[in-house]
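Peer 1: Mind having a look at this structure? Questions to follow.
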Amino acid sequence: MITKRCLAGGVLLVILAVLAPPGAPPVSADDGGSTEPPKVELVLDVSGSMRARDIDGNSRMAAAQQALNEVVDALPAETQLGIRVLGSQYRFPGSPKTVGCRDTRQLAPVGPMNKVEAKTAIATLRPTGWTPIGLALRAAARDLGTGETTRRIVLITDGEDTCSPPDPCDVARELAAQGTHLVVDTLGLTLDDKVRRQLTCIADATGGTYTAVQHQQELTGRLNQLVQRAGATYKQTPRQVAGAAQCANAPVLTPGVYTDRERFSEHRWYRVQVAPGQELRASISIALDRQLNPDHGVLLRAVSPGGQELVRGTDAGSGRTDVLSTGLRWPDQRPETDASPAPDGESAAKPVCLVVSNSFSAPAHVRTAPGMPLELTVDLVPSSDAPGGPDLGRGWLLLVVLTGTGLGAGLVIGWLARWRAAGREN
């Protein structure tokens with residue numbers, strides 16, 4: 001789960017149904033990918049407060065326009081992108097609030113992007129109005145429609161909603177409850193605590209992320225990353241799963257993509273069944289959606305039911321990245337013909353446990369709940385042959401040539417040295 005670090009990828013475990021609670025069927029992710037294109041809508045705050053000049057000497061509005069232009073330029077061909085704005089038409093405080101609080105419009109429809117038209121429209125934006133975030137989120141959800149794959153909204157704002165109701169956090173919960181696979185990521189252009197709490201609530205309600213940005217490069221990079229992430233994950237919507245505190249009662253997972261949350265310094269266990277001749281491939285990506293103390297890391301291990309570690313993968317960060325990803329491979333190299341038939345028609349698969357651990361900690365003012373969002377990916381493929389020993393291949397020929405050259409040069413230099421010494425004696 002899993003690029004600069006993009007994310008794509010996730011994690012999953014391996015274990016036998018024998019260890020599953022009686023009657024508990026394996027959790028299954030949908031097989032195969034969807035043919036739907038990835039769909040993203042950027043929702044930009046154009047309210048009057050965006051005139052503030054505190055992002056590298058430029059206004060917040062100018063920074064947002066530059067970031068949107070760069071996203072449009074770098075947009076993957078298969079991604080359908082839309083742009084919606086709020087507070088762009090009715091001046092605050094010049095127009096009545098009832099009018100200003102209905103001020104949201106689509107700048108570019110969700111679909112194949114006409115880059116020239118989109119950038120021209122972006123250039124015309126001037127910060128003027130109120131901040132109807134809740135209304136804009138509802139409209140953006142309608143813009144994206146419904147489908148089997150995840151849609152993403154990326155909200156860029158520097159303030160709280162000034163038009164409640166509807167409260168934007170309640171709107172986010174409402175959208176999540178509809179089961180339409182809608183994720184809202186939020187980008188805050190201010191460190192104001194009230195703004196942070198509201199944007200965090202919106203992101204948490206939909207399984208998205210919140211990021212505070214104070215510099216142009218941070219804004220452009222994060223916005224590009226979120227749009228790219230939509231393209232990397234749209235083909236299969238992750239299924240929600242809850243890891244356990246120990247292997248014995250962990251959920252049994254089949255190949256697929258899953259999503260979960262992990263608390264600080266927690267161990268979350270999952271299980272999968274690996275048959276003889278199969279290879280387990282598992283990966284995990286954890287989105288760092290809040291400020292963390294430096295020097296943190298994640299660990300993914302494959303463990304036998306008896307507690308023996310089979311293989312591990314690790315990743316670490318210093319605080320300058322927002323995704324940690326790692327993965328592992330473990331082959332069950334028992335030949336299929338060597339596996340003894342299980343009694344009563346039971347599977348001969350070998351139980352393997354996957355455990356995800358982390359070393360996260362955060363400053364005192366940062367919330368620790370809910371846990372960090374993680375994406376798990378697991379696959380089972382035919383086991384590959386174990387790698388052989390070191391082999392120079394055609395390098396042996398070069399080694400022979402170099403050895404011969406060195407030996408010949410040594411003999412010549414030694415003969416010349418002796419000849420010069422003999423000349424001096426005479």
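Peer 1: May I ask you to verify whether residue 378 is outside any strand (DSSP E or B) and either at pLDDT 80 or above or surrounded by fewer than 21 Cβ atoms within 10 Å (Cβ to Cβ) (or both)? Reasoning before the result, please.
Peer 2: Numbers: outside any strand (DSSP E or B): no; either at pLDDT 80 or above or surrounded by fewer than 21 Cβ atoms within 10 Å (Cβ to Cβ) (or both): yes.
Considered against the rule, which asks whether it is outside any strand (DSSP E or B) and either at pLDDT 80 or above or surrounded by fewer than 21 Cβ atoms within 10 Å (Cβ to Cβ) (or both), residue 378 comes out as no.
Peer 1: Search region 364-382 for residues that are under 18 Å from residue 203 (Cα atoms) and pair each with any residue that is surrounded by fewer than 20 Cβ atoms within 10 Å (Cβ to Cβ) and of a type in the set (A, V, I, L, M, F, W, C) when their beta-carbon atoms are under 6 Å apart and the residues are at least 6 apart or on different chains.
Peer 2: 368/264
Peer 1: How many residues are crowded, with 17+ Cβ neighbours inside 10 Å, of a type in the set (A, V, I, L, M, F, W, C) and under 25 Å from the mean Cα position of the chain (by Cα) when one looks only at region 59-110?
Peer 2: Counting residues in region 59-110 that are crowded, with 17+ Cβ neighbours inside 10 Å, of a type in the set (A, V, I, L, M, F, W, C) and under 25 Å from the mean Cα position of the chain (by Cα) gives 10.
Peer 1: Let me ask something else about it. Can you say whether residue 189 is in contact with an Asp or Glu (Cβ under 8 Å, 6 or more places away or on another chain), of a type outside the set (D, E, K, R) and modelled with pLDDT of 90 or more, as far as the supplied structure shows?
Peer 2: Details: in contact with an Asp or Glu (Cβ under 8 Å, 6 or more places away or on another chain): yes; of a type outside the set (D, E, K, R): yes; modelled with pLDDT of 90 or more: yes.
Here the answer is yes, as residue 189 does meet what is asked.
Peer 1: Kindly provide the set of residues from region 37-55 that are in a loop (DSSP other than H, G, I, E, B) and more than 20 Å from residue 102 (Cβ to Cβ), ordered by number.
Peer 2: Residues satisfying the conditions are 37, 38, 52, 53, 54.
Peer 1: Where residues in region 260-298 are among the hydroxyl-bearing types (Ser, Thr, Tyr) and surrounded by 20 or more Cβ atoms within 10 Å (Cβ to Cβ), which of them is farthest from the chain's Cα centre (by Cα)?
Peer 2: Let us first name the residues in region 260-298 that are among the hydroxyl-bearing types (Ser, Thr, Tyr), namely 265, 270, 283, 285.
Then keep just the ones that are surrounded by 20 or more Cβ atoms within 10 Å (Cβ to Cβ); that gives 270, 283, 285.
Working: 270: 19, 283: 11, 285: 6 Å.
Within region 260-298, the match that is farthest from the chain's Cα centre (by Cα) is 270.
Peer 1: Next up: Hey, among 307, 319, which residue is modelled with pLDDT under 90, over 30 Å from residue 198 (Cβ atoms) and not charged (D, E, K, R)?
Peer 2: On the way: 319 fails: over 30 Å from residue 198 (Cβ atoms).
That would be 307, the only listed residue that is modelled with pLDDT under 90, over 30 Å from residue 198 (Cβ atoms) and not charged (D, E, K, R).
The values are calculated or read from the model by the stated rules, or taken from the named source; none is laboratory data. Treat the numbers as computed from the prediction; the structure is a model and nothing was measured. All Cβ positions, even for glycine, are placed from backbone atoms using ideal geometry, and neighbour counts span all protein chains on display.
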